[in-house]
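Quick notes on the structure that follows.
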Amino acid sequence: MLGVDVALLPQPNEDIEDEMLWEHSSNGGLTVTSAHEAIRAKGNKPFWASVLWNAILHPRTAAIGWKIFRGTMHTDDKLQSMKFKLASRCITCKQQCETQQHLLYECEFAKKCWNYVTTTFQLH
Ligand SMILES: [Zn+2]
């Protein structure tokens with residue numbers, strides 16, 4: 001009726017027990033890694049991903065870098081936006097509110113640090 005001759009189909013091997021196989025792995029075994037890989041959202045990697053997620057950087061350093069690139073450091077302005085009531089002041093210059101932008105780029109101390117690093121490693 002469907003154009004399939006049932007007699008020509010392979011017969012099940014009754015000597016071998018059926019077993020469950022995980023289709024997302026090469027050996028059929030379910031692992032946390034293969035399950036995560038199967039369900040995670042896949043998209044374009046940001047330019048900084050290969051810099052942060054490698055064996056050279058300590059995981060703690062990579063995590064801090066990830067927070068910086070994602071803009072999720074818990075600076076005072078972020079805490080205030082989460083309804084924490086606190087006065088904000090940069091811990092180094094004591095002149096401005098603590099924001100990620102200020103801490104990393106605008107603060108005079110940060111500028112001196114960047115200047116030292118770029119001069120020492122001749123980065124321009
Ligand atoms: Zn400052």
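Every number in this text was worked out from the coordinates using simple rules, so none of it is lab data. Predicted model only: the values in this text are computed from it and were never measured. Virtual Cβ from ideal backbone geometry, glycine too; neighbours counted across all protein chains shown.
Structure notes:
- Hits in the range 5-26 (condition: among the small types (G, A, S) and farther than 29 Å from I39 by Cα): A7
- Yes/no for E14 being assigned to a loop (DSSP other than H, G, I, E, B) and either small (G, A, S) or touching a Cys at 6+ places or on another chain (Cβ under 8 Å) (or both): no
- Matching residues in the range 58-83 - criterion: being surrounded by 11 or more Cβ atoms within 10 Å (Cβ to Cβ) and either more than 30 Å from K45 (Cβ to Cβ) or polar (S, T, N, Q) (or both): T61, T72, T75, D76, Q80
- Set side by side, the residues Q80, Q101, Q95 differ, and just one is within 16 Å of the ligand (Cβ to nearest atom), free of Cβ contacts under 8 Å to residues at least 60 places away in the same chain, among the polar types (S, T, N, Q) and in a helix (DSSP H, G or I), which is Q101.
- Pick from the range 104-124, criterion under 27 Å from F84 (Cα atoms) and of a type in the set (F, W, Y), ranking: farthest from the ligand (Cβ to nearest atom): Y105
- Condition check for A87: in a loop (DSSP other than H, G, I, E, B), within 16 Å of the ligand (Cβ to nearest atom) and either surrounded by fewer than 10 Cβ atoms within 10 Å (Cβ to Cβ) or not polar (S, T, N, Q) (or both): yes
- F109 being part of a helix (DSSP H, G or I), of a type in the set (F, W, Y), farther than 30 Å from D18 by Cβ and within 14 Å of the chain's Cα centre (by Cα): no
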